[in-house]
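Before any comments, here is the structure.
The values are calculated or read from the model by the stated rules, or taken from the named source; none is laboratory data. Treat the numbers as computed from the prediction; the structure is a model and nothing was measured. Every residue, glycine among them, receives a Cβ derived from its backbone with ideal geometry; neighbour counts consider all protein chains shown.
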Amino acid sequence: MSSRSVSSLGVFTALVAALGFALSGVPNVELMTLSTFVSGALLGAIRGAIVGAGAIAIYSSFNPYGPAPPPVFVMQVLGYAFVGVVGGVVAGRAVASRRLETFTGAALGAVLGFGVTLVYDVITNLGTAWSMGVYLDPGPIVWGGLAFALWHMVWNAAFFAICAPPLLAAVRRRKVRSL
């Protein structure tokens, strides 16, 4: 891996983690998911996964409310790696085809924001159930946690709808210039 790739990973990981701390006082409102998604679109799926996993590992380890229990921590890392991969695969294709620069792009952004947040919230709620020792029937904890996380999903859907199209258009312009 080149020094440019390593420095890009470091800068994006630090940016995503810093954005996590920026809104840490507001429950279920965050900028980490979108920034991880855009990192995946810009750097590719594998590097987006590294950025997401690294950023949430930093944020979760130094969370102002205390570090996450190990099962939750693992699920957070897997969840943000997933967001980076989705950014690299889905947004990478959409950037190439200019699909995200229209009203349809905003709708697609909302669906993607809601979807990746739903997956993240389900797996972290599963990690919460496991950290509580509930192995056989984690359903009530997972579903109960989703009721609380609904605002998280709605926020990210709105934020992706508004911000993903112009950010991904900038990614497209950046990729065209670097070719």
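Results for (1) over 28 Å from Gly133 (Cβ atoms); (2) crowded, with 18+ Cβ neighbours inside 10 Å; (3) over 17 Å from the mean Cα position of the chain (by Cα), shown as yes or no for each residue.
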site	(1), (2), (3)
Ser8	yes, no, yes
Val11	yes, no, no
Ser35	yes, yes, no
Gly44	yes, yes, no
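Select from the stretch 156-169 the residues that are surrounded by fewer than 19 Cβ atoms within 10 Å (Cβ to Cβ), in contact with a helix residue (DSSP H, G or I) (Cβ under 8 Å, 6 or more places away or on another chain) and of a type outside the set (A, V, I, L, M) and list them in ascending order.
Answer for the stretch 156-169, where residues must be surrounded by fewer than 19 Cβ atoms within 10 Å (Cβ to Cβ), in contact with a helix residue (DSSP H, G or I) (Cβ under 8 Å, 6 or more places away or on another chain) and of a type outside the set (A, V, I, L, M): just Cys163.
Conditions tested, residue by residue: (1) surrounded by 17 or more Cβ atoms within 10 Å (Cβ to Cβ); (2) out of contact with any Ser or Thr (no Cβ under 8 Å at 6 or more places or on another chain); (3) at pLDDT below 95; (4) not charged (D, E, K, R).
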site	(1), (2), (3), (4)
Met75	yes, no, no, yes
Leu78	yes, yes, no, yes
Glu101	no, yes, yes, no
Gly109	yes, yes, yes, yes
Leu126	yes, yes, yes, yes
Tyr135	no, yes, yes, yes
Pro140	no, yes, yes, yes
Met153	yes, no, no, yes
Val171	yes, yes, yes, yes
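Could you please find all residues in the stretch 46-88 being aromatic (Phe, Trp, Tyr) and either over 13 Å from the mean Cα position of the chain (by Cα) or under 17 Å from Ala18 (Cβ atoms) (or both)?
If the condition is that a residue be aromatic (Phe, Trp, Tyr) and either over 13 Å from the mean Cα position of the chain (by Cα) or under 17 Å from Ala18 (Cβ atoms) (or both), then Tyr59, Phe62, Tyr65, Phe73, Tyr80 are the ones that fit.
Applying the selection to the stretch 129-179, what residues are without any contact (Cβ under 8 Å) to a residue 24 or more places away in the chain, assigned to a helix (DSSP H, G or I) and of a type in the set (Phe, Trp, Tyr)? Working first, answer last.
Quick first cut of the stretch 129-179, residues without any contact (Cβ under 8 Å) to a residue 24 or more places away in the chain only: 129, 132-144, 147, 150, 166, 170, 173, 176-179.
Then keep just the ones that are assigned to a helix (DSSP H, G or I); that gives 129, 139-144, 147, 150, 166, 170, 173, 176-178.
Correct list: Trp143 only.
Please go through the stretch 54-73 and pick out each residue that is touching a residue at least 60 places away in the same chain (Cβ under 8 Å), surrounded by 13 or more Cβ atoms within 10 Å (Cβ to Cβ) and in a helix (DSSP H, G or I).
Answer for the stretch 54-73, where residues must be touching a residue at least 60 places away in the same chain (Cβ under 8 Å), surrounded by 13 or more Cβ atoms within 10 Å (Cβ to Cβ) and in a helix (DSSP H, G or I): just Pro71.
In the stretch 102-128, which residues are of a type in the set (S, T, N, Q) and not in a loop (DSSP other than H, G, I, E, B)?
Passing the criteria: Thr104, Thr117, Thr124, Asn125, Thr128.
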